[in-house]
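The values are calculated or read from the model by the stated rules, or taken from the named source; none is laboratory data. Predicted, not measured: the structure shown is a model, and the values here were computed from it. Positions of Cβ are generated from backbone atoms using ideal geometry, with glycine treated the same way; all protein chains shown enter the neighbour counts. SASA here: full protein model, heavy atoms, side chains in, ligands and nucleic acids out. Shrake-Rupley method; radii C 1.70, N 1.55, O 1.52, S 1.80 Å.
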Amino acid sequence: MAPNINPFILFFASIFTSNILLANFLGMCSFISISKDITSSNGLGMAVTMVMTITTALNWIVYNKIIVPLGLEYLRYIIFIIVIAAVVQILEMLIDRLSPNLYMSLGIFLPLITVNCAILGVSLFMQLRYYTFIQSIFYGLGSGLGWWLAIMALAAIRKRVDKSPNVPAALKGPGVTLIIIGIMAMAFIGFSGMLNVQ
Amino acid sequence: MANIKNLKAGLFQQNPTFIQVLGMCPTLATTTNAENALGMGLATLAVLILSNIVVSLIKKWVPKNIRIPIYIVVIASFVTMVDLLMHGYTYDLWKTLGLFIPLIVVNCIILGRAESFASKNSVLDSIYDALGMGLGFTGSLILLGSVRELLGNGTIFGLPIWGDAMKLYVMILPPGAFLVLGMLLAMFNSIGIHNRNKAKAGEKK
(Lines give C-alpha, C1' and ligand atoms only; values in the text may rest on other atoms or scores of the structure.)
Protein backbone atom coordinates (compact mmCIF):
# COMPACT_ATOMS: atom_id res chain seq x y z
CA MET A 1 0.00 0.00 0.00
CA ALA A 2 2.84 2.39 0.77
CA PRO A 3 3.72 4.66 -2.15
CA ASN A 4 7.13 4.01 -3.63
CA ILE A 5 8.78 7.39 -3.07
CA ASN A 6 12.32 7.99 -1.97
CA PRO A 7 12.13 9.69 1.45
CA PHE A 8 14.61 12.36 0.35
CA ILE A 9 12.47 13.29 -2.65
CA LEU A 10 9.47 13.45 -0.35
CA PHE A 11 11.47 15.71 1.95
CA PHE A 12 12.27 18.25 -0.77
CA ALA A 13 8.84 18.00 -2.31
CA SER A 14 7.19 18.85 0.99
CA ILE A 15 9.41 21.92 1.39
CA PHE A 16 8.97 23.33 -2.12
CA THR A 17 6.49 21.83 -4.56
CA SER A 18 3.74 20.93 -2.13
CA ASN A 19 4.48 23.46 0.58
CA ILE A 20 2.05 22.82 3.41
CA LEU A 21 1.16 26.52 3.66
CA LEU A 22 1.09 27.78 0.14
CA ALA A 23 -0.26 24.72 -1.67
CA ASN A 24 -2.44 23.13 1.03
CA PHE A 25 -3.41 26.24 3.04
CA LEU A 26 -2.63 24.62 6.38
CA GLY A 27 -1.61 26.70 9.38
CA MET A 28 -2.87 30.01 7.99
CA CYS A 29 -4.13 31.59 11.23
CA SER A 30 -0.82 31.78 13.05
CA PHE A 31 0.95 32.39 9.73
CA ILE A 32 -0.97 35.63 9.22
CA SER A 33 -0.99 36.87 12.82
CA ILE A 34 2.59 36.00 13.89
CA SER A 35 4.37 37.07 10.70
CA LYS A 36 4.23 40.69 11.88
CA ASP A 37 7.50 40.12 13.68
CA ILE A 38 10.62 38.30 12.42
CA THR A 39 11.89 37.06 15.80
CA SER A 40 8.56 35.54 16.74
CA SER A 41 8.22 34.01 13.28
CA ASN A 42 11.58 32.34 13.71
CA GLY A 43 10.62 30.95 17.13
CA LEU A 44 7.27 29.70 15.91
CA GLY A 45 8.80 28.17 12.78
CA MET A 46 11.30 26.29 14.90
CA ALA A 47 8.60 25.08 17.28
CA VAL A 48 6.34 23.96 14.41
CA THR A 49 9.17 22.03 12.76
CA MET A 50 10.03 20.26 16.00
CA VAL A 51 6.47 19.40 17.00
CA MET A 52 5.53 18.34 13.48
CA THR A 53 8.40 15.86 13.18
CA ILE A 54 7.72 14.33 16.59
CA THR A 55 3.94 14.13 16.26
CA THR A 56 4.03 12.67 12.74
CA ALA A 57 6.34 9.89 13.91
CA LEU A 58 4.30 9.26 17.07
CA ASN A 59 0.99 9.32 15.24
CA TRP A 60 2.35 6.84 12.71
CA ILE A 61 3.19 4.44 15.54
CA VAL A 62 -0.14 5.04 17.29
CA TYR A 63 -2.15 4.63 14.08
CA ASN A 64 -0.43 1.53 12.71
CA LYS A 65 0.29 -0.27 15.98
CA ILE A 66 -2.73 0.65 18.10
CA ILE A 67 -5.63 2.09 16.12
CA VAL A 68 -5.59 -0.30 13.15
CA PRO A 69 -5.13 -3.56 15.13
CA LEU A 70 -7.96 -2.57 17.46
CA GLY A 71 -10.22 -1.46 14.61
CA LEU A 72 -10.69 2.04 16.04
CA GLU A 73 -10.23 3.99 12.77
CA TYR A 74 -13.34 6.08 13.44
CA LEU A 75 -11.66 7.50 16.57
CA ARG A 76 -8.54 8.63 14.72
CA TYR A 77 -9.24 12.38 14.75
CA ILE A 78 -9.73 12.40 18.50
CA ILE A 79 -6.67 10.24 19.12
CA PHE A 80 -4.44 12.27 16.79
CA ILE A 81 -5.36 15.55 18.44
CA ILE A 82 -4.86 14.09 21.92
CA VAL A 83 -1.40 12.85 20.93
CA ILE A 84 -0.57 16.30 19.57
CA ALA A 85 -1.84 18.09 22.67
CA ALA A 86 0.09 15.72 24.93
CA VAL A 87 3.33 16.10 22.96
CA VAL A 88 3.04 19.87 23.05
CA GLN A 89 2.40 19.84 26.81
CA ILE A 90 5.33 17.49 27.55
CA LEU A 91 7.66 19.41 25.25
CA GLU A 92 6.76 22.65 27.00
CA MET A 93 7.60 21.18 30.41
CA LEU A 94 10.83 19.59 29.15
CA ILE A 95 12.10 22.76 27.50
CA ASP A 96 11.22 24.74 30.61
CA ARG A 97 13.33 22.34 32.73
CA LEU A 98 16.25 21.90 30.39
CA SER A 99 16.84 25.30 28.84
CA PRO A 100 15.24 28.45 30.20
CA ASN A 101 16.75 30.46 27.33
CA LEU A 102 15.14 28.30 24.70
CA TYR A 103 11.91 28.41 26.68
CA MET A 104 11.89 32.20 26.52
CA SER A 105 12.21 32.21 22.74
CA LEU A 106 10.16 29.12 21.92
CA GLY A 107 8.01 28.14 24.89
CA ILE A 108 5.43 30.89 24.51
CA PHE A 109 4.52 29.57 21.07
CA LEU A 110 4.01 25.99 22.09
CA PRO A 111 0.41 26.34 23.36
CA LEU A 112 -0.48 28.00 20.04
CA ILE A 113 0.70 24.95 18.17
CA THR A 114 -1.93 22.51 19.42
CA VAL A 115 -4.49 24.30 17.30
CA ASN A 116 -2.21 24.85 14.32
CA CYS A 117 -3.98 22.96 11.55
CA ALA A 118 -0.70 22.21 9.79
CA ILE A 119 0.28 19.78 12.55
CA LEU A 120 -2.97 17.80 12.45
CA GLY A 121 -3.03 18.11 8.66
CA VAL A 122 0.38 16.48 8.26
CA SER A 123 -0.65 13.59 10.51
CA LEU A 124 -3.84 13.11 8.49
CA PHE A 125 -2.00 13.26 5.15
CA MET A 126 0.50 10.74 6.48
CA GLN A 127 -2.35 8.38 7.28
CA LEU A 128 -4.36 9.03 4.09
CA ARG A 129 -1.37 8.39 1.83
CA TYR A 130 -0.13 5.25 3.63
CA TYR A 131 3.42 6.52 4.11
CA THR A 132 5.94 4.19 5.72
CA PHE A 133 7.55 5.15 9.02
CA ILE A 134 10.72 6.56 7.41
CA GLN A 135 8.69 8.44 4.79
CA SER A 136 6.51 9.90 7.54
CA ILE A 137 9.49 11.27 9.45
CA PHE A 138 10.94 12.90 6.34
CA TYR A 139 7.52 14.21 5.36
CA GLY A 140 6.94 15.71 8.82
CA LEU A 141 10.38 17.31 8.92
CA GLY A 142 10.12 18.61 5.37
CA SER A 143 6.67 20.11 5.92
CA GLY A 144 7.86 21.78 9.11
CA LEU A 145 10.86 23.29 7.34
CA GLY A 146 8.63 24.40 4.47
CA TRP A 147 6.34 26.15 6.96
CA TRP A 148 9.31 27.79 8.64
CA LEU A 149 10.70 28.96 5.28
CA ALA A 150 7.36 30.42 4.23
CA ILE A 151 6.76 32.32 7.48
CA MET A 152 10.30 33.75 7.49
CA ALA A 153 9.90 34.90 3.89
CA LEU A 154 6.55 36.52 4.64
CA ALA A 155 7.83 38.18 7.84
CA ALA A 156 10.76 39.68 5.94
CA ILE A 157 8.51 41.03 3.18
CA ARG A 158 5.93 42.37 5.65
CA LYS A 159 8.59 44.22 7.60
CA ARG A 160 9.14 46.40 4.55
CA VAL A 161 5.58 46.58 3.27
CA ASP A 162 4.03 47.48 6.64
CA LYS A 163 6.26 50.55 6.85
CA SER A 164 5.57 51.62 3.31
CA PRO A 165 3.41 54.77 3.05
CA ASN A 166 2.04 53.66 -0.31
CA VAL A 167 -0.35 50.97 0.94
CA PRO A 168 -3.97 52.19 0.66
CA ALA A 169 -5.72 52.57 4.03
CA ALA A 170 -8.30 49.88 3.31
CA LEU A 171 -5.67 47.30 2.37
CA LYS A 172 -3.56 47.77 5.51
CA GLY A 173 -3.12 44.77 7.80
CA PRO A 174 -4.54 41.44 6.69
CA GLY A 175 -5.57 42.67 3.22
CA VAL A 176 -2.13 43.45 1.89
CA THR A 177 -0.69 40.42 3.71
CA LEU A 178 -3.05 38.12 1.84
CA ILE A 179 -2.06 39.68 -1.47
CA ILE A 180 1.64 39.20 -0.63
CA ILE A 181 0.91 35.55 0.22
CA GLY A 182 -0.95 35.21 -3.09
CA ILE A 183 2.10 36.39 -5.00
CA MET A 184 4.34 34.10 -2.93
CA ALA A 185 2.01 31.19 -3.71
CA MET A 186 2.39 31.96 -7.43
CA ALA A 187 6.16 31.80 -7.02
CA PHE A 188 5.89 28.44 -5.28
CA ILE A 189 3.60 27.17 -8.06
CA GLY A 190 6.63 27.65 -10.27
CA PHE A 191 8.23 24.72 -8.46
CA SER A 192 5.32 22.40 -9.18
CA GLY A 193 5.82 19.94 -11.97
CA MET A 194 9.45 19.49 -10.96
CA LEU A 195 8.47 16.84 -8.45
CA ASN A 196 5.08 15.28 -8.13
CA VAL A 197 4.19 13.73 -4.83
CA GLN A 198 0.75 12.71 -3.78
CA MET B 1 -33.26 41.48 21.96
CA ALA B 2 -29.90 40.34 23.32
CA ASN B 3 -30.23 37.19 21.24
CA ILE B 4 -30.78 39.12 18.04
CA LYS B 5 -27.76 41.22 18.95
CA ASN B 6 -25.58 38.11 19.36
CA LEU B 7 -26.82 36.82 16.06
CA LYS B 8 -26.12 40.07 14.25
CA ALA B 9 -22.69 40.47 15.80
CA GLY B 10 -21.57 37.19 14.26
CA LEU B 11 -23.05 38.01 10.89
CA PHE B 12 -21.69 41.53 10.53
CA GLN B 13 -19.74 43.49 13.15
CA GLN B 14 -17.74 40.48 14.32
CA ASN B 15 -17.78 38.50 11.07
CA PRO B 16 -15.27 35.70 11.64
CA THR B 17 -13.75 35.83 8.17
CA PHE B 18 -13.70 39.48 7.17
CA ILE B 19 -13.39 41.24 10.53
CA GLN B 20 -11.64 38.77 12.83
CA VAL B 21 -9.70 36.99 10.02
CA LEU B 22 -10.04 33.60 11.75
CA GLY B 23 -10.42 30.10 10.34
CA MET B 24 -8.41 30.89 7.26
CA CYS B 25 -7.44 27.35 6.24
CA PRO B 26 -10.89 26.08 5.22
CA THR B 27 -11.85 29.54 3.99
CA LEU B 28 -9.07 29.54 1.44
CA ALA B 29 -8.92 25.86 0.59
CA THR B 30 -12.54 24.88 0.08
CA THR B 31 -13.84 27.91 -1.80
CA THR B 32 -12.91 26.80 -5.32
CA ASN B 33 -16.62 26.98 -6.11
CA ALA B 34 -19.79 28.13 -4.37
CA GLU B 35 -21.16 24.64 -3.75
CA ASN B 36 -18.11 23.39 -1.84
CA ALA B 37 -18.11 26.64 0.12
CA LEU B 38 -21.71 26.08 1.15
CA GLY B 39 -21.00 22.50 2.23
CA MET B 40 -17.97 23.51 4.27
CA GLY B 41 -19.86 26.40 5.87
CA LEU B 42 -22.78 24.21 6.92
CA ALA B 43 -20.50 21.48 8.33
CA THR B 44 -18.68 24.09 10.42
CA LEU B 45 -21.99 25.62 11.52
CA ALA B 46 -23.24 22.23 12.76
CA VAL B 47 -20.08 21.52 14.74
CA LEU B 48 -20.04 25.06 16.13
CA ILE B 49 -23.62 24.88 17.44
CA LEU B 50 -23.17 21.43 19.00
CA SER B 51 -19.83 22.23 20.62
CA ASN B 52 -21.09 25.58 21.94
CA ILE B 53 -24.07 23.81 23.57
CA VAL B 54 -21.90 21.17 25.24
CA VAL B 55 -19.18 23.59 26.35
CA SER B 56 -21.82 25.84 27.84
CA LEU B 57 -23.44 22.88 29.64
CA ILE B 58 -20.22 21.59 31.19
CA LYS B 59 -18.72 24.98 32.05
CA LYS B 60 -19.16 24.47 35.82
CA TRP B 61 -17.21 21.21 35.95
CA VAL B 62 -14.27 22.03 33.67
CA PRO B 63 -11.04 22.72 35.61
CA LYS B 64 -9.49 25.92 34.37
CA ASN B 65 -6.00 24.72 33.53
CA ILE B 66 -7.00 21.81 31.31
CA ARG B 67 -9.98 23.44 29.64
CA ILE B 68 -8.40 23.68 26.17
CA PRO B 69 -7.75 19.91 25.79
CA ILE B 70 -11.30 19.25 27.03
CA TYR B 71 -12.81 21.65 24.49
CA ILE B 72 -10.73 20.08 21.74
CA VAL B 73 -11.93 16.59 22.62
CA VAL B 74 -15.56 17.81 22.62
CA ILE B 75 -15.06 19.44 19.23
CA ALA B 76 -13.24 16.39 17.83
CA SER B 77 -16.13 14.13 18.84
CA PHE B 78 -18.65 16.26 16.96
CA VAL B 79 -16.35 16.52 13.96
CA THR B 80 -16.12 12.73 13.85
CA MET B 81 -19.93 12.56 13.84
CA VAL B 82 -20.29 15.15 11.09
CA ASP B 83 -17.60 13.36 9.09
CA LEU B 84 -19.38 10.02 9.33
CA LEU B 85 -22.76 11.60 8.51
CA MET B 86 -21.35 13.36 5.45
CA HIS B 87 -19.66 10.16 4.35
CA GLY B 88 -23.03 8.43 4.57
CA TYR B 89 -25.35 11.01 3.03
CA THR B 90 -23.32 13.41 0.87
CA TYR B 91 -20.53 11.21 -0.42
CA ASP B 92 -19.44 13.42 -3.35
CA LEU B 93 -19.14 16.51 -1.20
CA TRP B 94 -17.32 14.49 1.45
CA LYS B 95 -14.82 13.41 -1.18
CA THR B 96 -14.14 16.91 -2.52
CA LEU B 97 -13.79 18.49 0.92
CA GLY B 98 -11.57 15.58 1.94
CA LEU B 99 -9.06 16.53 4.57
CA PHE B 100 -10.82 19.73 5.51
CA ILE B 101 -13.66 18.03 7.34
CA PRO B 102 -11.35 16.50 9.99
CA LEU B 103 -9.52 19.81 10.09
CA ILE B 104 -12.65 21.50 11.48
CA VAL B 105 -11.23 20.20 14.80
CA VAL B 106 -8.53 22.85 14.71
CA ASN B 107 -10.65 25.63 13.21
CA CYS B 108 -9.82 28.63 15.39
CA ILE B 109 -13.37 30.00 15.17
CA ILE B 110 -14.85 27.02 17.01
CA LEU B 111 -12.27 26.91 19.79
CA GLY B 112 -12.37 30.69 19.96
CA ARG B 113 -16.16 30.77 20.53
CA ALA B 114 -15.92 27.95 23.08
CA GLU B 115 -13.24 29.81 25.00
CA SER B 116 -14.50 33.37 24.74
CA PHE B 117 -18.28 32.92 24.66
CA ALA B 118 -19.77 29.51 25.45
CA SER B 119 -17.64 28.96 28.56
CA LYS B 120 -19.09 32.13 30.12
CA ASN B 121 -22.68 32.31 28.89
CA SER B 122 -25.94 30.38 29.11
CA VAL B 123 -26.87 27.62 26.69
CA LEU B 124 -29.45 29.69 24.82
CA ASP B 125 -27.09 32.64 24.34
CA SER B 126 -24.40 30.24 23.16
CA ILE B 127 -26.73 28.76 20.55
CA TYR B 128 -27.52 32.19 19.16
CA ASP B 129 -23.86 33.13 19.19
CA ALA B 130 -22.96 29.92 17.33
CA LEU B 131 -25.75 30.54 14.81
CA GLY B 132 -24.55 34.09 14.15
CA MET B 133 -20.90 33.15 13.85
CA GLY B 134 -21.62 30.02 11.83
CA LEU B 135 -23.91 31.82 9.39
CA GLY B 136 -21.43 34.69 9.13
CA PHE B 137 -18.74 32.15 8.28
CA THR B 138 -20.96 30.32 5.79
CA GLY B 139 -21.97 33.60 4.15
CA SER B 140 -18.36 34.70 3.77
CA LEU B 141 -17.39 31.34 2.30
CA ILE B 142 -20.23 31.48 -0.22
CA LEU B 143 -19.27 35.02 -1.20
CA LEU B 144 -15.63 34.05 -1.67
CA GLY B 145 -16.57 30.82 -3.45
CA SER B 146 -18.96 32.61 -5.81
CA VAL B 147 -16.42 35.27 -6.74
CA ARG B 148 -13.73 32.66 -7.39
CA GLU B 149 -16.07 30.43 -9.37
CA LEU B 150 -17.33 33.38 -11.40
CA LEU B 151 -13.85 34.68 -12.25
CA GLY B 152 -12.30 31.26 -12.72
CA ASN B 153 -15.05 29.36 -14.44
CA GLY B 154 -17.73 31.88 -15.46
CA THR B 155 -20.43 30.23 -13.33
CA ILE B 156 -22.04 30.55 -9.87
CA PHE B 157 -23.35 27.35 -8.23
CA GLY B 158 -22.78 25.74 -11.63
CA LEU B 159 -25.12 28.20 -13.41
CA PRO B 160 -23.40 29.91 -16.34
CA ILE B 161 -23.14 33.69 -15.91
CA TRP B 162 -20.87 34.69 -18.75
CA GLY B 163 -19.86 31.22 -19.82
CA ASP B 164 -16.57 30.96 -21.63
CA ALA B 165 -16.19 34.68 -22.27
CA MET B 166 -13.68 35.08 -19.43
CA LYS B 167 -11.93 32.37 -17.47
CA LEU B 168 -9.03 33.26 -15.20
CA TYR B 169 -7.91 29.79 -14.28
CA VAL B 170 -5.54 31.13 -11.61
CA MET B 171 -8.53 32.15 -9.46
CA ILE B 172 -9.30 28.47 -8.81
CA LEU B 173 -5.65 27.72 -7.99
CA PRO B 174 -4.24 28.51 -4.50
CA PRO B 175 -2.90 32.02 -5.36
CA GLY B 176 -6.37 33.09 -6.51
CA ALA B 177 -7.78 32.33 -3.08
CA PHE B 178 -5.36 34.73 -1.42
CA LEU B 179 -5.82 37.45 -4.02
CA VAL B 180 -9.64 37.35 -3.98
CA LEU B 181 -9.82 37.24 -0.18
CA GLY B 182 -7.32 40.11 0.06
CA MET B 183 -9.39 42.25 -2.30
CA LEU B 184 -12.67 41.38 -0.53
CA LEU B 185 -11.11 42.32 2.82
CA ALA B 186 -10.02 45.63 1.33
CA MET B 187 -13.54 46.21 0.04
CA PHE B 188 -15.14 45.59 3.46
CA ASN B 189 -12.49 47.74 5.14
CA SER B 190 -13.14 50.62 2.80
CA ILE B 191 -16.89 50.37 3.48
CA GLY B 192 -16.07 50.45 7.22
CA ILE B 193 -13.80 53.47 6.83
CA HIS B 194 -16.43 55.25 4.73
CA ASN B 195 -19.13 54.61 7.38
CA ARG B 196 -16.90 55.82 10.21
CA ASN B 197 -16.05 59.02 8.32
CA LYS B 198 -19.73 59.58 7.68
CA ALA B 199 -20.52 59.08 11.39
CA LYS B 200 -17.80 61.55 12.33
CA ALA B 201 -19.09 64.11 9.86
CA GLY B 202 -22.57 63.62 11.35
CA GLU B 203 -21.29 64.31 14.88
CA LYS B 204 -19.67 67.57 13.84
CA LYS B 205 -22.91 68.94 12.50
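Taking only the alpha carbons of region A:106-167, we obtain Rg and Dmax values of 15.8, 51 Å in that order. The share of accessible area on region A:22-84 that comes from carbon and sulfur is 69 percent, using a 1.4 angstrom probe. Accessible-area loss of 50 Å² or more (1.4 Å probe, protein heavy atoms, chain alone versus all protein chains) is found in region B:75-120 for B:T80, B:L99, B:P102, B:L103, B:V106. 3J(HN,Hα) along region A:11-27, derived from phi through the Karplus expression 6.51 cos²θ - 1.76 cosθ + 1.60 where θ = phi - 60°, amounts to 4, 6, 4, 6, 7, 9, 5, 10, 4, 4, 7, 8, 9, 10, 6, 9, x Hz, with x in place of Gly and Pro. The lysine pair count for chain A, using Cα distances under 20 Å and pairs eight or more places apart or on different chains, is 5.
Look at the stretch A:112-121: the mean tally of other chain Cβ atoms within 10 Å of its residues' Cβ atoms is 5. Mean partner shielding of peptide A:82-89, defined as the number of other chain Cβ atoms within 10 Å of each residue Cβ, is 2.
Count charges around B:L159 for me, please; just the other residues with Cβ under 13 Å from its Cβ, Lys/Arg as +1, Asp/Glu as -1.
-2
Taking every Cα-Cα distance in the protein assembly as shown and sorting them into 20 Å bins from zero, the calculated P(r) comes out as 26, 60, 13, 0 percent. The distance between label points at B:Q14 and B:E203 comes to 2.3 nm (points 7 Å beyond Cα on the Cα→Cβ vector). Partner aspartates and glutamates whose Cα lies under 17 Å from the Cα of B:K5, excluding those fewer than 8 positions away in the same chain, are identified as B:D125, B:D129.
How large is the helix-only mean residue ellipticity at 222 nm for chain B, computed as the sum of -39500 (n - 2.57) over DSSP H runs with n ≥ 4, divided by its residue count, in deg cm²/dmol to the nearest 500?
Rounded to the nearest 500, it is -22000 deg cm²/dmol.
With a 10 Å cut-off around each Cβ of B:171-184, the average count of Cβ atoms from other chains is 6.
Ranked from largest to smallest solvent-accessible area, with a 1.4 Å probe on the protein heavy atoms, A:F12, A:F31, B:F78 come out as A:F12, B:F78, A:F31.
Loop-located trypsin sites (Lys or Arg not before Pro) in region B:1-65 (DSSP state other than H, G, I, E, B) with a sparse environment of at most 15 neighbouring Cβ atoms within 10 Å: B:K60. Summing both sides, the accessible surface hidden between B and A at a 1.4 Å probe radius is close to 3000 Å².
Are there any chymotrypsin sites (Phe, Trp or Tyr not before Pro) in region B:137-186 that are in a DSSP loop and have at most 16 other Cβ atoms within 10 Å? List them by number.
In loop regions of region B:137-186 (DSSP not H, G, I, E or B), the sparsely surrounded chymotrypsin sites (Phe, Trp or Tyr not before Pro) are B:F157, B:W162.
Against the criterion of solvent-accessible heavy-atom surface with a 1.4 angstrom probe, A:L178, B:L85 sort, most first, into B:L85, A:L178. Between B:M183 and B:K120, the contour length at 0.36 nm per residue exceeds the alpha carbon distance by 19.1 nm.
In this simple spin-label model, placing a label point 7 Å from the Cα along the Cα-to-Cβ direction at both B:V62 and A:A187 gives a separation of 4.1 nm. Net length available on complete extension from B:L85 to B:K167 is 26.0 nm, with 0.36 nm assigned per residue and the Cα-Cα distance removed. In chain A, helical runs assigned H by DSSP with n ≥ 4 each contribute -39500 (n - 2.57); averaged across all residues and rounded to the nearest 500, the mean residue ellipticity at 222 nm is -21500 deg cm²/dmol.
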